[in-house]
Structures are given as C-alpha cells and as structure tokens.
Amino acid sequence: MSLDSLPPLREVIAQHGLGANKAFGQHFLLDLNLTGKIASLAGDMSAAHAIEVGPGPGGLTRAILAAGAKSLTVVEKDDRFLGALEEIGTASGGRLDIVQADALQVDEDALLPAGGERVILSNLPYNVGTLLLIKWLEAEPVWWTRAVLMFQREVADRVVAAPGGKAYGRLAVISQARCQVRMGLKVPARAFTPPPKVDSAVVVLEPLPDNERFEDVEALGIVTASAFGQRRKTLRRSLAQAAGQTTASAEELLTAAGIDPGARAETVDVAGFRRLAEAWRAAKTG
Ligand code: SAM
C-alpha cells in the first residue's frame with residue numbers, strides 16, 4: 001500500500017475508535033491539503049530527518065512523508081493511535097519510526113538518526129506547547145535545524161512579536177535571541193476536529209548560527225522574568241529582583257547594557273536584553 005491509497009482520516013478515526021481526548025489536548029487536522037501546506041513550510045526535506053510530536057491519527061504525519069522526508073520519528077503519548085500510525089508506517093516504505101512516550105521526557109537527539117538536517121514539525125498539544133518550545137529553544141548543543149510548529153494564535157503572536165506591543169515579552173526575547181522566527185500560516189479554529197475555542201497559527205523557527213545565537217539562556221531567563229514580571233513598572237524598579245543576585249544595582253546593570261533605567265521592558269529590543277543578560281552575568285555573585 002502507498003501513502004496515496006491510505007483510507008481518509010475520518011474513516012481511520014471511526015475504524016480505530018479514535019475520539020478526541022480533551023485531557024491530551026487533541027484537536028485533529030483532517031484536511032490533507034492543509035497538512036500538506038504545513039509540511040511545505042519545512043522546505044525541501046529530502047535530506048532531512050523529521051520528528052513530529054503528537055501525530056494523533058496521522059494527518060500531518062502523512063503530509064511529512066508525502067513531502068519526501070528521508071525519515072520521520074513520531075512521538076505520541078496516547079497509545080490508541082499506534083495502530084493507525086503503524087498502517088502509515090507500512091505505506092511509507094519503512095521511513096516511519098513510532099515512539100510511544102511523553103515528548104517532554106524524550107531525548108530527541110538520541111532518538112533521531114545521526115547527522116544531516118533535523119526538522120521538528122508539530123500540531124502541538126496546547127497544554128504542553130510552550131513547555132516543548134522552551135525545551136527545544138534551550139537545547140544546547142542545538143540538535144535541530146528548523147521547526148514548523150502550530151500553536152494557539154496568541155502563543156504564536158508572542159513568539160514572533162516585535163518590541164512595543166502587548167504580545168512582546170519573555171517568549172519573544174528568548175525565541176529571537178536563539179532563532180530566526182517568522183509567522184508561517186494562520187489557521188482558523190474551524191479547521192480542527194473538534195474545533196478548539198481559539199484560532200491557531202504556524203510559526204517557523206531556525207536556530208541562529210553558533211556565533212550569533214545567545215548562549216546564556218539562564219541569564220536571559222532571569223532578566224526577562226524580572227523585567228516582564230512587572231511590565232508596567234520602569235526597569236529600574238522591575239529589575240530589582242534580578243539585580244539582587246548580583247553585586248550591582250538595577251540601575252547599574254541597565255546603564256552597563258546601554259538601556260534607559262526609566263524605560264519599560266516592552267520597549268527594549270532583543271539586542272538590549274542580550275546585553276542586559278551579559279551585564280547580569282558579569283556582575284553575578286557566586
Ligand atoms: N497531529 C495531529 C493532528 O494534527 O491532527 C494531532 C494533534 S493534537 C492537537 C495533539 C496530539 O499530541 C495528540 O495526538 C495528543 O495525544 C498528543 N500529545 C499530547 N500531549 C503529548 C505529550 N506530552 N507527548 C506526546 N504527545 C502528546
């Protein structure tokens with residue numbers, strides 16, 4: 001059997017009794033045109049090993065394989081989907097590796113074949129989407145070359161946000177200090193079965209080269225938590241918590257980073273936060 005001759009997803013779901021389970025954040029994409037569009041955001045995958053988190057009944061899985069990925073490893077927590085996924089594996093000519101596990105716990109680097117491009121694709125379970133993104137953003141050494149990830153629209157907006165607006169915060173700074181990011185595709189809630197309460201969007205991330213990527217994620221995490229934790233205050237006040245772990249005052253850290261202590265966090269660009277994290281690290285006690 002080839003990928004083209006697999007039965008429609010609705011049939012697979014009925015046959016295997018795969019009703020959506022809310023506890024696992026299950027909202028399925030059954031339109032193979034749409035999953036094809038999402039997979040195409042990964043570009044040419046003919047030399048790439050792909051990994052998909054939460055394949056569910058396999059709509060995106062089929063599209064990734066149809067797009068020609070060299071291999072695909074899927075990580076699914078819910079064992080009800082294993083039968084349907086095995087059928088896809090057979091139709092893929094042995095390119096699919098199925099792992100039943102919690103994606104938060106797996107070591108992706110060890111799961112994937114060594115070398116070459118490694119692409120992450122996922123219609124992420126909403127309840128763990130941000131945690132998984134942070135896990136992948138902070139991974140060092142960086143084991144992946146591109147990520148194509150569906151989030152609730154509000155989270156996607158926060159990943160790609162520019163300074164100055166409400167969406168700009170920790171997630172934008174950490175994402176953009178580590179990766180080049182762009183909005184790939186907006187997807188309305190009605191595209192899912194069952195439809196979630198909110199719209200979604202696909203974000204494309206590519207890790208920055210080693211000499212441009214900000215390495216000290218601990219320092220960046222601490223200064224952004226402090227700065228955005230009280231985002232309506234001026235940085236001179238909101239940064240007091242982070243400064244408490246250093247020999248410097250908030251004002252001194254900000255001045256060292258070339259940032260106006262009277263500014264608010266949302267006006268400081270990613271480069272500013274990188275300098276602030278460096279100043280924090282340089283002044284840190286212990
Ligand atoms: N990819 C499918 C699609 O687009 O139709 C399903 C997407 S659904 C939003 C999220 C999927 O992630 C479900 O299959 C769910 O069982 C799975 N999932 C939820 N939490 C997970 C976890 N921690 N690790 C692995 N898979 C998980």
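Before moving on, here are some points about what is shown:
- Calculated FRET value between Val198 and Thr247, using beta carbons and R₀ = 41 Å, to 0.05: 0.35
- For the stretch 217-283, the relative contact order is 38 percent, taking Cα pairs closer than 8 Å that sit 6 or more residues apart in sequence and dividing their mean separation by the residue count.
- Cross-link partners of Lys233 among aspartates and glutamates, defined as those whose alpha carbon lies under 15 angstrom from its own and excluding same-chain residues fewer than eight positions apart: Glu251, Asp260, Glu266.
- Ranked list, fewest to most other Cβ atoms within 10 Å of each Cβ, for His27, His49, His16: His16, His27, His49
- Computed label-point distance, nm, for sites Gln230 and Lys166 using a 7 Å Cα→Cβ extension: 2.3
- For the residues Ala189, Ala263, Ala39, a GNM of the chain with alpha-carbon springs under 10 Å puts the largest fluctuation on Ala263.
- Local electrostatic count, Gly54, Cβ distance below 9 Å [Lys/Arg +1, Asp/Glu -1]: -2
- All lysines inside 17 Å of Lys22 as judged from Cα atoms, apart from same-chain residues fewer than 8 positions distant: Lys77, Lys197
- For the chain, the relative contact order works out to 15 percent when only alpha carbon pairs closer than 8 Å and six or more residues apart are counted.
- DSSP-defined antiparallel bridges as percent of all bridges, the chain, nearest 5: 45
- Derived scalar couplings ³J(HN,Hα) [the stretch 114-129; Karplus, 6.51 cos²θ - 1.76 cosθ + 1.60; whole Hz; x for Gly, Pro]: 6, x, x, 6, 9, 10, 9, 10, 6, 8, 5, x, 4, 5, 10, x
- Each of Ser2 and Gln100 was given a label point 7 Å from its Cα along the Cα-to-Cβ line. The distance between the two points is 3.2 nm.
- Cα-centre dipole for the stretch 3-207 with unit charges at Cβ (Lys and Arg positive, Asp and Glu negative), debye to 20: 780
- Compactness check for the stretch 217-283: Cα Rg over 2.2 N^0.38 Å is 0.90.
- Long-range amide H partners of Glu52 with built H, under 5 Å: Thr73, Val74, Val75, Leu121
- Annotation note: trypsin sites (Lys or Arg not before Pro) in the stretch 224-286 located in DSSP loop regions with a Cβ neighbour count of at most 15 within 10 Å are Arg231, Arg232, Lys233.
- Simple rule: put +1 on each Lys or Arg Cβ and -1 on each Asp or Glu Cβ in the stretch 217-283, find the dipole, and look at Gly221, Ala256, Ala283; the Cα lying farthest toward the positive end is Gly221.
- For the stretch 93-107, the Karplus equation 6.51 cos²θ - 1.76 cosθ + 1.60, evaluated at θ = phi - 60°, returns couplings of x, x, 8, 9, 10, 9, 10, 8, 6, 7, 4, 5, 9, 7, 9 Hz by residue, with Gly and Pro reported as x.
- Residues whose amide H falls under 5 Å from that of Glu117, counting only those 5 or more places apart or on a different chain, are His49, with hydrogens built in the peptide plane.
- Positive-end residue of Phe273, Gln176, Ile98, charge dipole of the chain with Cβ unit charges: Phe273
- If you wrap the chain in the convex hull of its Cα atoms and look at it from every side, the mean projected area works out to 15.3 nm².
Just so you know, all these numbers are worked out from the coordinates, no wet-lab data involved. Keep in mind it's a predicted model, so treat the numbers as computed, not measured. We place every Cβ from the backbone using ideal geometry, glycine too, and count neighbours over all the protein chains shown.
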